[in-house]
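I have placed the structure first, in the form of structure tokens, so that the comments after it can refer back to it.
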Amino acid sequence: MRTLYEAANGVEAHLLRDLLAQEGVAVRIHGEFLQGGVGELPAAGLVRLVVDDADYAAGRAFIERWEAAPVPDFPDADMSLSDEPADRRVAHRPAPPAEGGRGIWIVVFVLAAACWFYARAVEASGGAPSAQHVVAAAPSPG
């Protein structure tokens with residue numbers, strides 16, 4: 001097994017694997033899942049396309065043709081998925097901010113009121129509920 005190509009990421013590796021399979025070259029992807037373990041760091045050179053020694057020449061020839069192919073440039077292309085003409089399209093506006101802030105303040109107010117009423121009820125009953133059952137132990141005369 002020989003390394004045929006070092007892909008930039010897993011998507012590129014799968015794309016090339018499928019294109020090479022159409023050419024009759026069996027390819028395996030090594031290191032595809034290593035990118036997830038790296039986290040936010042750039043993972044360069046981890047994803048590799050590996051082929052048998054017998055398929056290396058055919059695979060390398062395809063990779064060289066693929067790298068040499070010009071990248072199409074579409075400067076006037078409209079990349080939207082809408083079927084409407086560009087002059088009749090409505091511009092997308094950002095959604096207004098959610099009004100969830102009001103609900104949070106209502107919850108805070110209700111909790112504060114409940115705590116205040118509980119404190120007033122405890123004060124009216126003469127202190128903490130467990131304070132009525134406190135028994136102090138005195139030393140026995142000896």
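The values are calculated or read from the model by the stated rules, or taken from the named source; none is laboratory data. Because the structure is a prediction, the values reported are computed rather than measured. When we count neighbours, we look across all protein chains shown, and the Cβ atoms used for this are built from the backbone with ideal geometry, even at glycine.
Would you call residue 25 at pLDDT below 75 and either in contact with a Ser or Thr (Cβ under 8 Å, 6 or more places away or on another chain) or assigned to a loop (DSSP other than H, G, I, E, B) (or both)?
No.
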(request) Only residues that are over 23 Å from the mean Cα position of the chain (by Cα) and closer than 10 Å to residue 47 by Cα: list them for segment 4-29, please. (result) 5, 6, 29
(request) Can you give me the number of residues within segment 45-97 that are part of a loop (DSSP other than H, G, I, E, B) and at pLDDT 90 or above? (result) 1
